[in-house]
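Enquirer: Submitted below is the structure of interest, expressed as structure tokens.
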Amino acid sequence: MTKLHAVLFTPVLVLAGIAVPMNAAAPATEVAVERGFTGTVQPFVATYCTSCHSGEKAAGQLDLRSYTTVDSVVHDYARWNRVIARLTAKEMPPATAKQPSDADRQQVIDWIQATWQNEARLHDGDPGVVLARRLSNSEYNYTIRDLTGVDIQPAREFPVDPANQAGFDNSGESLAMSPALLNKYLLAARDVADHMYLNGTGFSFAPHPMLVETDLDQYCIQQIVDFYERQDTDYADYFRAAWIYKNRGVLGKPKATLAEIAAQNKVSAKYLATVWQALDAREDAGPLAKLQGMWRALPVPKANQPDLANDGAVQMRDFVSRMRLDTAMRFASPGVKGLSTASQPLFNWKNAQYASHRRDFDRAALRVEGEPPPVAPVLPLDKNGKPVALGLVGTGPNGEDLTPLRAEIAAYTSRMANPDLVVPAGQRPRYEAAFAKFSSVFPDTFYVKERGRFYPDPGDDKGRLLSAGFHNVMGYTRDDTPLKELILDDKGQKELEALWDQFEFVADYTARTYVQFFFNQSGEILGNGRESGTLRPADKDVTAEAIIMNFKTSYLDFVTKAAAQKADPVAFEAVAQHFERVNAVLRGVERERVTAEPRHLDALMAFAARAYRRPLSAAERADILSFYHSLREKSGLTHEDAMRDSVVSVLMSPYFCYRLDLSTSRAQPSPYARASVATPAAPLSDFALASRLSYFLWSSMPDAELLAHASTGDLHKEPVLTAQVRLMLKDDRAVGLSTEFGGNWLDFRRFEDINTVDRERFPDFTNALREAMFQEPIRLIGEVIRSDRPVLDLLYGNYTFVNPVLATHYGMPEVTGGPDHWVRIDNARDYQRGGLLPMAVFLTQNAPGLRTSPVKRGYWVARRVLGEVIPPPPPVVPELPKDESKLDMPLRDVLAQHRKNPACASCHARFDTFGLTFENYGPVGESRTKDLAGHAVDTQATFPGGTQATGLSGLQTYIHANREKDFLDNLNRKMLVYALGRSLQLSDEPLIQRMNTRLAANGYRVSALIDTIVSSPQFLNRRASSDSSNATPRKAAN
Amino acid sequence: MAKIDRRTVLRGMGVTMCLPWMDSLSAFAATPSAFPKRFGVLFMGCGVNENHWSAEGNGADMKLGLSLSPLEPLKEKINVVTGLFNKNATGQGIHPAQTGQLLTGTTISKGAVIHSGISVDQMIANHVGQDTLQPSIVLACEQPMTGYHETNFSLAYSSHISWQNADSPVPNEVYPALAFDTLFENRGSLRNLSILDRVRDAAQTLSRQISSTDREKLDEYMTSVREVETRVDSMRKNQEKADDLAKLKNQPVLSMPRPANGLPEDFREHTKLMCDIIALAFQTDKTRVASLLLARDLSALYYPFLDAAPEGHHAASHNNLSDGYERITRFHVSQLAYLAAKLDAMPEGEGTVLDNSCLMFTSSLWVGRTHNNSRLPVVLAGGLGGTLQTGRTLDYVDAGDENRRMCSLYLGIMDRMGVKVDQFGDATTRLANL
């Protein structure tokens, strides 16, 4: 071992900061420390150091003359650690300069170490100054996601947050507010408020803005349709579940109830019971009898044959569907001469008939044996002898509704071919009863979610969700009675009612339908045709009761006149009911809006409390209400606008967008600080602790459970605290920790925006691949956190996570699915992957586009992963060529040149060679054996200290043998800075040591690291300032 | 430093007082005009009577067909453009499929989800709108329909011409009183002031309760709030001041009383009020972008005062060669003439407000009885500050489909409005000879 080797080797240990020996030396007094500084250190520095290390151009950017007090030294303790290191290693003063005696050297080293010990002991546990600050952009986005339930990301266009010295953007040290940014906050708050919608009981947020009528319709309709589609309405699933119940003994669940089997098979328990009853009985005639026959014929399974009856169940279902298709009832609009069949009162009547007869059947579908078969129905002929076209609204030449006839024509063939519709002579009543029973259990459909103009024949009118089938004007019909009656339990029924109520309340659809009717169709009773309206009245309110009732009268008069020409008597009822219903709904909605107002205000209070992350004081509640009222009364806003503005003002409040929980108040004695009164500390209130925990582990607001513990006042107590941390680390929201901590620690947070890659030369580098690269480390770190893995997995793990595009990039077996489908690869080493080091994101980020950069990659390993501090390069550095394909010798040889220069080598020797081990990964992290100029890649390297190694495994071996403590210590420090939201200070060193010890003692598991932080006085307390304030500390926060 | 001639300077002084956008003389470089340019769209659905929609010749010699005759006094300031179309509006079905992309040039979607593109007026508003009280105003004289047409396209496409983005049409303001109100108050900024005010009060109370180091951080916040408030407030005050000063100086600032609440019973009054509001907005620079839907596609309006068909505009358009439908068309063109004349009566610099504007009148069809939209009727009024030559008849009927896109016209207009984009809708090239 050469002397040089020893010199290079030793500082490494010291840099890890574990050089502060916490032994029980006699505590130095402050006076002694002061004397030591002025008497020993300053003269030493003046004699041996300041000739190079002073002034503006101080060597290594270290101006030792500027340290004139002990405090200044303590404050910059990280730098002075390096001073110890260099002195101890005898690297400084350099061999060419005047050398101090060993004794003098040791005195200075001793002084520094004693000062550290003193400081740390005096202030161990000092929470430090943690400034109140605004939320970072990411925190703002995550908080809005959790506050509203929708990932709106209003901060996506905010300017990038500056980072503090440790590289994190979650500290008051770097986060500031400016008028330009505040303006963006205002726009963001408006953006969020635009997503809000009021409903009958409070308010909610939609995934898109809810300002325009088409948005409101779409949102409410989609919620209803999604609800419908979540219900199982396939008869086959019920027959199968019934069969499982019947054979439950054999299939291994003898004690299972019908309800349990329903739950296991994800079908409605209520309907399964109905179906079971129907199947299990014995009919003697009709379709139910036949079905029961099919049921009894289903095979009996053995224990391992749960799917034996699947085909049989499908056949039963097909039978039922066929029977119902052939026996479904059809209706026509009541005829009124002079009114189109599409006239709303008449058309709605027809729709209502459909909706209320789905558990009924068409008696005309049955035919009696021996009687003449029904003649095939045909459309009437036009004057050229051709079947008449249906026109725009399905009307025939005499103004009759042809849609049921058309459906009959479509069904005729199937009916005639269906032997089960044939009734023995003289038994019609018996069979009608049987069919009635059958149809009641098996409706012709459970719900209708789409309807066109010629319903039941859809034609081209597809995708018109919940539409009434009107032509041109809007209109909706609810047709889901069998779903409610047969399938939904009480809870489901309530939910469905709430969704239809919401549709009415939010989108006001009945009123809008009526208004469109007024202006576009109501002229029909003036004889102006089907597409004409009434002239606008003097009073703008066409929805007034008087006007609606006026229509009712006019229409009834019209029908009365037409009755002389044999109008359908049902038409009277249809007309009266239509206008009565419209009026009742409109008046009901008006009343509901009035009753809902106070509920909205209650919801506003609840929203504010969640937004402020603590209960509101009585004064705050009053303030919110008074602001709302001033908006209504003084600014003349509508209730909805006033609610929106109130939401905006909550989001603009400093209680929302500032972390005031970090704020301090007057000094109080502390049971936690082990130190003297030198640094008074006060425990954080439980509400402040809840926020500190959630912003640490989730980068977002605390959830209801955390706040509940804060209310009870037991959050800071040991078992509760640890348990909550466990739950939080397993929660999906911990992605905030992996993204924000991981992303900033390893410097890839902005990777989604990089554009340094030449996409013509690397066409594989698409936005999708870039995004996948970005996600990979987040997934790995997320797994380590969630499964409480050893943190060393990050360095040595043989696994990683890929999605389809990343798998292709890595040459791994194909992964199917979309970009959000991530799979774990457990033999990643087979593909030269595994852990953080060979991840494409880092290799690409640290490569300048058209070539690799061993310098940058090596620097990243040394600086980010191992925590070395390396000063920046001097200003004049010759450029390496940009394009690797243009180099005439391999890059490593080019670099070797610049390590020969001693001015460069002093730093580059510490990291260049790490980067060389990655040469088998190209500029976008792809595996390769040749570089872009065709040279074979060579991943051999000689590391600091002389170890020779090859490739990634060589690097990993070296780190494991020599630098693992650096990695762990660096991780601890970074995590602590992130958690506390401030830079480290000297008094944190004992805590760092405890973290390192505890980590090693617990298999390096992440939870050990986090537990130590969360239970530390630094985390649980805050600095109590001696700043006297006239106000008493805020009670509300407690 | 550009030379500014004395007359412009003096005139500039007077005009500065009532037109707040001119707050520095450097605005008057020696270019043809440094006045803001305005863009407006007037829309009448269902096409024209093609026998009477014609223009021949240029300048003072231009001969206008009967339906265009209301524009006779202004013919040297107009361009009658023939033969442009939107290819995406053809072959998809009639009515909504022909209107949903009129000002966007994109394809549109059937069924439940409505989807078009951003319209040219909103595109312009996004670029120039931040300099005025309102980025744009979107008005209509007919209520929307939002059901489904037999072609399975939503009637939302027939009811709106301005689209703020591909998924949302801009809601039309149908009530004149409410349209008027938006000119005099950017309710948005007033509402923001109330919020900022209240938030600042809360912050002040808070700052008394926290430590001095934290107070510094909160101070940043309060200072920022105050700054933003001041800016918003001063913009409003400038508007008021300009209005007041204008009144003092007896400058011919158009004024109109606030319209009555509700909808006018007579359609003629409705269209007049909406045109007056646009004129006022342009003149006082409350906005520089406006769109007015006079009659929807599939319009159900009817015109008892015109002796046209009683069953309504759309039904009448199926018989578009009738005299009745010609009268309907001419009535709507006369709204363009009314608005253009009003703008032309407002002096601005060496010309008038009309000279610095471009009003585009168009329809979704050419011929209603065949639903032909292979070419659209277009009339432009105004010279956009000398950048748009006027008094011409421009014929692109035989230019070839690539060279007669409506979106090429829109690109040309956007260029002149200072909005430089490479493509819009289905066009990447500008219209030749514009």
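Enquirer: Please list, ordered by first then second residue, the pairs with beta carbon atoms under 7 Å, 6 or more apart or interchain, first in the stretch A:438-461 and over 18 Å from A:Leu291 (Cβ atoms) and within 14 Å of another protein chain (Cβ to nearest Cβ), second in a helix (DSSP H, G or I) and open to solvent by 40 Å² or more (accessible area, probe 1.4 Å).
Expert: A:Phe454/A:Arg406; A:Asp457/A:Arg406; A:Asp457/A:Ala410
Enquirer: Cβ-Cβ below 7 Å, separation at least six or inter-chain, first residue in the stretch A:580-607 and closer than 25 Å to A:Ser630 by Cβ, second hydroxyl-bearing (Ser, Thr, Tyr) and open to solvent by 70 Å² or more (accessible area, probe 1.4 Å): which pairs?
Expert: A:Arg599/A:Thr201
Enquirer: Quick one: which of B:Tyr148, B:Tyr157 is more than 8 Å from every other protein chain (Cβ to nearest Cβ), over 14 Å from the mean Cα position of the chain (by Cα) and either closer than 18 Å to A:Met210 by Cα or buried (at least 23 other Cβ atoms within 10 Å of the Cβ) (or both)? Give the derivation first.
Expert: Values: B:Tyr148 fails: more than 8 Å from every other protein chain (Cβ to nearest Cβ).
Going through B:Tyr148, B:Tyr157 in turn, just one is more than 8 Å from every other protein chain (Cβ to nearest Cβ), over 14 Å from the mean Cα position of the chain (by Cα) and either closer than 18 Å to A:Met210 by Cα or buried (at least 23 other Cβ atoms within 10 Å of the Cβ) (or both): B:Tyr157.
Enquirer: To continue, here is another question. I need the full set of residues from the stretch B:354-385 which are in contact with a strand residue (DSSP E or B) (Cβ under 8 Å, 6 or more places away or on another chain) and at positive phi, in order please.
Expert: B:Gly382, B:Leu384, listed by residue number.
Enquirer: Taking the stated definitions as given, is A:Arg248 open to solvent by 20 Å² or more (accessible area, probe 1.4 Å), free of Cβ contacts under 8 Å to residues at least 24 places away in the same chain, farther than 24 Å from A:Ala511 by Cβ and in contact with a Pro (Cβ under 9 Å, 6 or more places away or on another chain)? Walk me through it before giving the result.
Expert: Working: open to solvent by 20 Å² or more (accessible area, probe 1.4 Å): yes; free of Cβ contacts under 8 Å to residues at least 24 places away in the same chain: yes; farther than 24 Å from A:Ala511 by Cβ: yes; in contact with a Pro (Cβ under 9 Å, 6 or more places away or on another chain): yes.
Taking the combined requirement at face value, the residue satisfies it.
Enquirer: Spot the failing condition for B:Glu72; the list is (1) open to solvent by 80 Å² or more (accessible area, probe 1.4 Å); (2) at pLDDT below 95; (3) in a helix (DSSP H, G or I), and only one is missed.
Expert: In the conditions (1) open to solvent by 80 Å² or more (accessible area, probe 1.4 Å); (2) at pLDDT below 95; (3) in a helix (DSSP H, G or I), B:Glu72 misses (2) alone.
Condition check ((1) within 14 Å of chain B (Cβ to nearest Cβ); (2) under 48 Å from the mean Cα position of the chain (by Cα); (3) part of a loop (DSSP other than H, G, I, E, B); (4) surrounded by fewer than 21 Cβ atoms within 10 Å (Cβ to Cβ)) across all residues:
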{"position": "A:Glu524", "(1), (2), (3), (4)": "yes, no, no, no"}
{"position": "A:Gly529", "(1), (2), (3), (4)": "yes, no, yes, yes"}
{"position": "A:Pro537", "(1), (2), (3), (4)": "yes, no, yes, yes"}
{"position": "A:Tyr555", "(1), (2), (3), (4)": "no, no, no, no"}
{"position": "A:Ala571", "(1), (2), (3), (4)": "no, no, no, no"}
{"position": "A:Phe579", "(1), (2), (3), (4)": "no, yes, no, no"}
{"position": "A:Arg591", "(1), (2), (3), (4)": "no, yes, no, yes"}
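Enquirer: Another question, then. Quick one: count up the residues across the stretch A:98-131 that are over 30 Å from A:Leu660 (Cα atoms) and of a type in the set (A, V, I, L, M, F, W, C).
Expert: Initially, the stretch A:98-131 is screened for residues over 30 Å from A:Leu660 (Cα atoms), giving A:98-118.
With of a type in the set (A, V, I, L, M, F, W, C) added as a condition, the list becomes A:103, A:108-109, A:111-112, A:114, A:116.
The number of residues fulfilling the criteria is 7.
Enquirer: Okay, moving on. If you go through the stretch A:462-472 one residue at a time, how many are free of Cβ contacts under 8 Å to residues at least 60 places away in the same chain and either open to solvent by less than 40 Å² (accessible area, probe 1.4 Å) or touching a Cys at 6+ places or on another chain (Cβ under 8 Å) (or both)?
Expert: Initial filter on the stretch A:462-472 (free of Cβ contacts under 8 Å to residues at least 60 places away in the same chain): A:462-464, A:467, A:472.
Next cut, either open to solvent by less than 40 Å² (accessible area, probe 1.4 Å) or touching a Cys at 6+ places or on another chain (Cβ under 8 Å) (or both) only: A:463-464, A:467, A:472.
Residues flagged as free of Cβ contacts under 8 Å to residues at least 60 places away in the same chain and either open to solvent by less than 40 Å² (accessible area, probe 1.4 Å) or touching a Cys at 6+ places or on another chain (Cβ under 8 Å) (or both) within the stretch A:462-472 amount to 4.
Enquirer: Further, regarding this structure: Select, from A:Ala434, A:Ala417, A:Ala407, A:Ala468, the only residue that is within 26 Å of A:Asp318 (Cβ to Cβ) and within 48 Å of the chain's Cα centre (by Cα).
Expert: Working: A:Ala434 fails: within 48 Å of the chain's Cα centre (by Cα); A:Ala417 fails: within 48 Å of the chain's Cα centre (by Cα); A:Ala468 fails: within 26 Å of A:Asp318 (Cβ to Cβ).
Testing whether each residue is within 26 Å of A:Asp318 (Cβ to Cβ) and within 48 Å of the chain's Cα centre (by Cα) leaves just A:Ala407.
Enquirer: With respect to B:Ala112, determine if the residue is at pLDDT below 90 and within 27 Å of B:His95 (Cβ to Cβ). I'd like the intermediate steps shown before the answer.
Expert: Values: at pLDDT below 90: yes; within 27 Å of B:His95 (Cβ to Cβ): yes.
Yes: the conditions hold for B:Ala112.
Enquirer: From A:Pro21, A:Pro43, A:Pro11, which residue is modelled with pLDDT under 85 and exposed (fewer than 13 other Cβ atoms within 10 Å of the Cβ)?
Expert: Details: A:Pro43 fails: modelled with pLDDT under 85; A:Pro11 fails: exposed (fewer than 13 other Cβ atoms within 10 Å of the Cβ).
Answer to the check: A:Pro21.
Enquirer: Only one of B:Gly93, B:Gly45, B:Gly111 is over 22 Å from the mean Cα position of the chain (by Cα), of a type outside the set (A, V, I, L, M, F, W, C), within 14 Å of another protein chain (Cβ to nearest Cβ) and open to solvent by less than 10 Å² (accessible area, probe 1.4 Å); which? So that I can check it myself, show each step before the final result.
Expert: Values: B:Gly93 fails: open to solvent by less than 10 Å² (accessible area, probe 1.4 Å); B:Gly45 fails: over 22 Å from the mean Cα position of the chain (by Cα).
Just a single option satisfies the conditions, and that option is B:Gly111.
Enquirer: Which residue is farthest from B:Trp366 (Cα to Cα), if the candidates are limited to the stretch B:272-325 and must be surrounded by 22 or more Cβ atoms within 10 Å (Cβ to Cβ), more than 14 Å from chain A (Cβ to nearest Cβ) and over 25 Å from the mean Cα position of the chain (by Cα)?
Expert: Filtering first and then ranking leaves B:Tyr325.
Enquirer: Those residues that are buried (at least 21 other Cβ atoms within 10 Å of the Cβ), touching an Asp or Glu at 6+ places or on another chain (Cβ under 7 Å) and either modelled with pLDDT under 90 or at the interface with chain B (Cβ under 9 Å from one of its Cβ atoms) (or both), I need them from the stretch A:167-204; list them, please.
Expert: A:Leu175, A:Met177, listed by residue number.
Enquirer: Which members of the stretch B:332-386 meet the condition of being free of Cβ contacts under 8 Å to residues at least 60 places away in the same chain and among the small types (Gly, Ala, Ser)?
Expert: Residues of the stretch B:332-386 free of Cβ contacts under 8 Å to residues at least 60 places away in the same chain: B:345, B:352, B:369-370.
B:Ala345 - this is the single residue of the stretch B:332-386 that is free of Cβ contacts under 8 Å to residues at least 60 places away in the same chain and among the small types (Gly, Ala, Ser).
Enquirer: Okay, next question. So, in the stretch A:262-296, how many residues would count as being without any contact (Cβ under 8 Å) to a residue 24 or more places away in the chain and crowded, with 22+ Cβ neighbours inside 10 Å?
Expert: 1
Enquirer: The conditions are (1) among the acidic types (Asp, Glu); (2) crowded, with 22+ Cβ neighbours inside 10 Å; (3) modelled with pLDDT of 95 or more, and A:Asp703 fails exactly one of them. Which is it?
Expert: (2)
Enquirer: Hey, any hits in the stretch A:509-521 for a residue that's surrounded by fewer than 20 Cβ atoms within 10 Å (Cβ to Cβ), in contact with a helix residue (DSSP H, G or I) (Cβ under 7 Å, 6 or more places away or on another chain) and either away from every other protein chain (no Cβ under 14 Å) or at negative phi (or both)?
Expert: Within the stretch A:509-521, one or more residues are surrounded by fewer than 20 Cβ atoms within 10 Å (Cβ to Cβ), in contact with a helix residue (DSSP H, G or I) (Cβ under 7 Å, 6 or more places away or on another chain) and either away from every other protein chain (no Cβ under 14 Å) or at negative phi (or both).
Enquirer: Quick one: in the stretch A:704-756, which of the residues that are in a helix (DSSP H, G or I) and hydroxyl-bearing (Ser, Thr, Tyr) is farthest from A:Lys856 (Cα to Cα)? Walk me through how you get there before you give the answer.
Expert: Just the residues of the stretch A:704-756 that are in a helix (DSSP H, G or I), to begin with: A:704-712, A:718-730, A:732-745, A:751-753.
The next check asks that each one be hydroxyl-bearing (Ser, Thr, Tyr); those that pass are A:711-712, A:722, A:738-739.
Working: A:Ser711: 50, A:Thr712: 52, A:Thr722: 40, A:Ser738: 23, A:Thr739: 22 Å.
Checked the stretch A:704-756; the qualifying residue farthest from A:Lys856 (Cα to Cα) is A:Thr712.
Enquirer: Considering B:Leu190, B:Leu196, which residue is open to solvent by less than 40 Å² (accessible area, probe 1.4 Å) and farther than 30 Å from A:Pro458 by Cβ? Write out each step before concluding.
Expert: On the way: B:Leu190 fails: open to solvent by less than 40 Å² (accessible area, probe 1.4 Å).
Being open to solvent by less than 40 Å² (accessible area, probe 1.4 Å) and farther than 30 Å from A:Pro458 by Cβ holds for just one of B:Leu190, B:Leu196, which is B:Leu196.
Enquirer: Right, something else. Mind checking which residues of the stretch B:390-409 are over 16 Å from B:Glu56 (Cβ atoms) and either open to solvent by less than 20 Å² (accessible area, probe 1.4 Å) or part of a helix (DSSP H, G or I) (or both)?
Expert: Within the stretch B:390-409, B:Asp401, B:Glu402, B:Asn403, B:Met406, B:Cys407, B:Ser408, B:Leu409 meet the criteria.
Enquirer: For residues that are hydrophobic (A, V, I, L, M, F, W, C) and either under 30 Å from A:Arg644 (Cβ atoms) or modelled with pLDDT of 90 or more (or both), scanning just the stretch A:157-166, find the one that is most open to solvent (accessible area, probe 1.4 Å). Walk me through how you get there before you give the answer.
Expert: Looking only at the stretch A:157-166, we keep the residues that are hydrophobic (A, V, I, L, M, F, W, C), and these are A:158, A:160, A:163, A:166.
Add one more test, that the residue is either under 30 Å from A:Arg644 (Cβ atoms) or modelled with pLDDT of 90 or more (or both), and what stays is A:158, A:160.
Working: A:Phe158: 22, A:Val160: 96 Å².
The residue in question is A:Val160.
The values are calculated or read from the model by the stated rules, or taken from the named source; none is laboratory data. Not measured: the values here are computed from a predicted model. Reconstructed Cβ throughout: ideal geometry from the backbone, glycine too, with neighbour counts over all protein chains shown. Ligands, DNA and RNA are stripped out before the accessible areas are found, and what is left, the full protein with its side chains, is counted by its heavy atoms. Shrake-Rupley method; radii C 1.70, N 1.55, O 1.52, S 1.80 Å.
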